Amino acid sequence: MPQPYQTQREDLTLSCDPARLDLEAIAGLLAHSYWAPHRTRAQITRTLQHSLAFGVYTADNRQVGFARVVSDYTTFAWLCDVIVHEDFRGQGIGKWLMASILSHPDLHGLKRILLATRDAHGLYSQFGFTPLNEPDRWMERFHPEA
């Protein structure tokens, strides 16, 4: 079971407390993403049940950032759904979110953390992410309609 985790930055709080997650805010963020604009609230709820979720909150408890990690907490993790509300972009929140995720004690020592991105390679490369070392070893089963 993941450890409780929270950190502060100026007037923002980053927390892994599932009770703080705002389903409506998360649905709104993902509705404006290129990868999950049609994900239903039921699907989001289910993903949250099976993920270590990170929320970024303003002083008045408005959720303005989100990311989640799917992991066995021993060897592997998949980082996904990393997003910051458009009104809060350009303030370093994405970098703070990434640094916080990688600092989470339950994610230390993993052999591999994967992610997929269309347009944020520059952000993730700052945190040691690179293209797949041996892409010919990787396969996927993809269902675009799911």
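When residues in the stretch 36-67 are screened for being of a type in the set (Phe, Trp, Tyr) and surrounded by fewer than 13 Cβ atoms within 10 Å (Cβ to Cβ), 0 of them pass. The requirement of being in contact with a Gly (Cβ under 6 Å, 6 or more places away or on another chain), closer than 18 Å to Leu52 by Cβ and either crowded, with 17+ Cβ neighbours inside 10 Å or not basic (Lys, Arg) (or both) is not satisfied by Leu114.
Filter the stretch 15-40 down to residues that are in contact with a Gly (Cβ under 7 Å, 6 or more places away or on another chain) and of a type in the set (A, V, I, L, M, F, W, C), then give me how many there are. Write out each step before concluding.
First, pick out the residues of the stretch 15-40 that are in contact with a Gly (Cβ under 7 Å, 6 or more places away or on another chain): 15, 20-21.
With of a type in the set (A, V, I, L, M, F, W, C) added as a condition, the list becomes 21.
Count: 1.
Could you please find all residues in the stretch 72-87 being part of a strand (DSSP E or B) and in contact with a Pro (Cβ under 9 Å, 6 or more places away or on another chain)?
Within the stretch 72-87, the subset part of a strand (DSSP E or B) is 76-84.
None - no residue of the stretch 72-87 is part of a strand (DSSP E or B) and in contact with a Pro (Cβ under 9 Å, 6 or more places away or on another chain), so the list stays empty.
Just to be sure, is Arg46 among the basic types (Lys, Arg) and assigned to a helix (DSSP H, G or I)?
Details: among the basic types (Lys, Arg): yes; assigned to a helix (DSSP H, G or I): yes.
When the stated conditions are applied, Arg46 passes them.
All of (1) free of Cβ contacts under 8 Å to residues at least 40 places away in the same chain; (2) within 18 Å of Tyr5 (Cβ to Cβ); (3) in a helix (DSSP H, G or I) hold for Ser100 with one exception: (1).
Just so you know, all these numbers are worked out from the coordinates, no wet-lab data involved. All of these numbers come straight from a predicted model, not from anything done at the bench. With ideal geometry, Cβ positions are generated from the backbone for all residues, glycine too; neighbour counts draw on all protein chains shown.
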